[in-house]
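The values are calculated or read from the model by the stated rules, or taken from the named source; none is laboratory data. Here the structure is a predicted model, which is why all the values come from computation and not from measurement. Using ideal geometry, Cβ is built from the backbone for each residue, glycine included, and neighbour counts are taken over all protein chains shown. When the accessible area is computed, the model is the full protein with side chains, heavy atoms only, and any ligands, DNA or RNA have been set aside. Shrake-Rupley method; radii C 1.70, N 1.55, O 1.52, S 1.80 Å.
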Amino acid sequence: MLKNGLRNFLEQRYPEKDLRSWFDPLTIDYGDIEKSVSVAFPHAFFGTWFAAHGKPALEQAVREYISPEVVVLYDTPISMQSVGMHEKNTVKPTQIAHSGAAVQEKPTPSARAASGAQFTFDTFLHNAKNVFPVASAKEVAKADVFPKYNPLVIAGPSGSGKTHLLRAIAHAIQEQRPQASVFSGNIEDLAALYQDGSPGARFEVRKHIVCNDFFLLDDLQRLEDFPILQEELIALFDSFHDNNKQMVFCCTDGLTAHSFLLPTLRSRLEWGLLAQLKQQDMDIRIRYATSHLKENQIKLTNDQIILLCQRFDDFRLLQGVLLKLAAFKDLMNTEVSEYEFNQILEHTDKSKATPLTADIIIGVVAEHYMLQPKDLLSEKRHQKIVLARQVAMYLTRTLLGSSYPALGRMFGGKDHSTVIYAVNKIKKFIVKNKDTKLLINELKEKCLTATK
């Protein structure tokens, strides 16, 4: 719970790829000493690397997320097995894979909990407007030999509960048919399995995946970052469909919103049923908050709960604030006073901050290179302007997650291939040149602080 809360907090400041590299491998829990947080590493070498790459960011986050009085204590390195890293690429037909880790086909009760037993249909809070997608997911989970809806595509905005439903399907299958094998993961998990890239290795991975009885894939929109997977996904799709094996995909928005999808893949995804999840309403947020507060024995008034749910209509941000309240109570060993409640909301409330935009990023980069923002949007090919434009493209891609075509339009109608080249070039510079990496981090910080 503590680690999830810290991650939600850090996601507002750092790119997803950075967190995956230095934060996700950590084991984080409450310390044995009062007002402390315990951090353990997967192995000794990671601890050395972490000291240079993630330590300051983590300690700053703990101070801001919980309290300046909390200290971070580092344990001796733990084995890789305890954090599941050794199983990253070991998806076998007789296993159920969840976010890159593997769980045995007949898990013990503790293994079931680790594989996401909290993500069930019973724990998915919804009202009448989301009855259809939930009913569709339940029908797929209990489908017999011949699937009724294949594939099922669950679409919806960020934080609407797509991943919860996908895991609920996997959990229901695991409970009802323990002999069934399920591949359940996201696009990045799939990309990790194919990281070898050689035809022989690709064939072996495909052979293992198609031996499963179910194929559940999350974050389909991330295919834009892994275009080479599209052809492979078509091959996987055909195999599962031809053998009457159920497939479920999750993505933000609808399929038509993702112009990067190959026509052959898009047409296949449209064969089945599209279930559209809508953002959670106020009553759902109140039910969730009340349940979470009761579970963690946090005492808030009804007015405070309503204020909390009104202010944070983004469900993930609401979850982060609730985790922050629980962490404060556990670590400070005291009830959350009205003053502390207001302080936590004040420091988490993003409604008063200016949203980060491409214009802000372009302005920050232009100022650093002593240029005008319009220079970065022009066709000028002066070496200094080209470099500044490439840096701005990279930062906009990293901080806003903008697609390559959208970036091309932002920067004066550039072709998406030009944008891809620019982003990849800066990525290589960061790896090869320490000064470039420091500069990029400095510009990121300026962009983020410009919104406050």
Legend entry - Tally of residues being farther than 18 Å from Glu367 by Cβ and touching a Pro at 6+ places or on another chain (Cβ under 9 Å) across the stretch 416-449: 2
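Out of all the residues in the stretch 357-405, which are of a type in the set (S, T, N, Q) and either closer than 22 Å to Lys427 by Cβ or touching a residue at least 60 places away in the same chain (Cβ under 8 Å) (or both)? Spell out the reasoning first.
At the first step, the residues of the stretch 357-405 found to be of a type in the set (S, T, N, Q) are 357, 372, 378, 383, 390, 396, 398, 402-403.
Passing the criteria: Gln383, Gln390, Thr396, Thr398, Ser402, Ser403.
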Inset, instruction - Please note which helices (runs of 4 or more DSSP H) are completely contained in the stretch 333-434 and include at least 2 residues that are within 27 Å of the chain's Cα centre (by Cα). - result: 338-348, 358-368, 383-400, 404-410, 416-432
Legend entry - Filtered residues of the stretch 218-245 (kept if out of contact with any strand residue (DSSP E or B) (no Cβ under 8 Å at 6 or more places or on another chain), closer than 28 Å to Gly159 by Cα and in contact (Cβ under 8 Å) with a residue 60 or more places away in the chain): Glu224
Legend entry - Residue in the stretch 3-20 that is nearest to Gly401 (Cα to Cα), counting only those that are at pLDDT 80 or above and basic (Lys, Arg): Arg20
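Can you confirm whether the stretch 308-323 contains a residue that is among the aromatic types (Phe, Trp, Tyr), assigned to a loop (DSSP other than H, G, I, E, B) and either touching a helix residue (DSSP H, G or I) at 6+ places or on another chain (Cβ under 7 Å) or without any contact (Cβ under 8 Å) to a residue 60 or more places away in the chain (or both)?
yes
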Inset, instruction - Please work out if Leu443 is under 25 Å from the mean Cα position of the chain (by Cα) and open to solvent by less than 60 Å² (accessible area, probe 1.4 Å). - result: yes
Inset, instruction - Would you point out the residue of the stretch 193-223, among those that are open to solvent by less than 20 Å² (accessible area, probe 1.4 Å) and either hydrophobic (A, V, I, L, M, F, W, C) or modelled with pLDDT under 80 (or both), that is nearest to Phe121 (Cα to Cα)? - result: Leu216
Legend entry - Extreme residue, modelled with the lowest pLDDT, among residues of the stretch 249-298 that are of a type in the set (Val, Ile, Thr) and either touching a Gly at 6+ places or on another chain (Cβ under 9 Å) or exposed (fewer than 15 other Cβ atoms within 10 Å of the Cβ) (or both): Thr256
Inset, instruction - Search the stretch 311-325 for residues being surrounded by 20 or more Cβ atoms within 10 Å (Cβ to Cβ) and among the aliphatic types (A, V, I, L, M), and hand back the single one that is farthest from Val37 (Cα to Cα). - result: Leu318
